[in-house]
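Right, one structure below, let's go through it.
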Amino acid sequence: MRALLAAAAGLAAALALVLAVTATGAPPGETSKKPLHTTVPAHP
């Protein structure tokens, strides 16, 4: 029974966190048009 209560409490906390993040919305701004390029380090 304790495990069921703990699982329910964890699920409720996770759902509340998701709803809180969703309610705040995305931060303002734009994404970069330039792709991110990575370089491989030269082998010695």
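For the chain, taking Cα atoms only, Rg and Dmax work out to 21.2, 61 Å respectively. Placing pseudo-labels 7 Å out from each Cα toward the beta carbon at Ala16 and Thr31 gives an inter-label distance of 3.3 nm.
Read-outs: derived from the displayed coordinates by stated rules, not from any lab. Remember, it's a predicted structure, so these values are computed and weren't measured experimentally. No Cβ is skipped: glycine too gets one built from the backbone with ideal geometry, and neighbour counts run over all protein chains shown.
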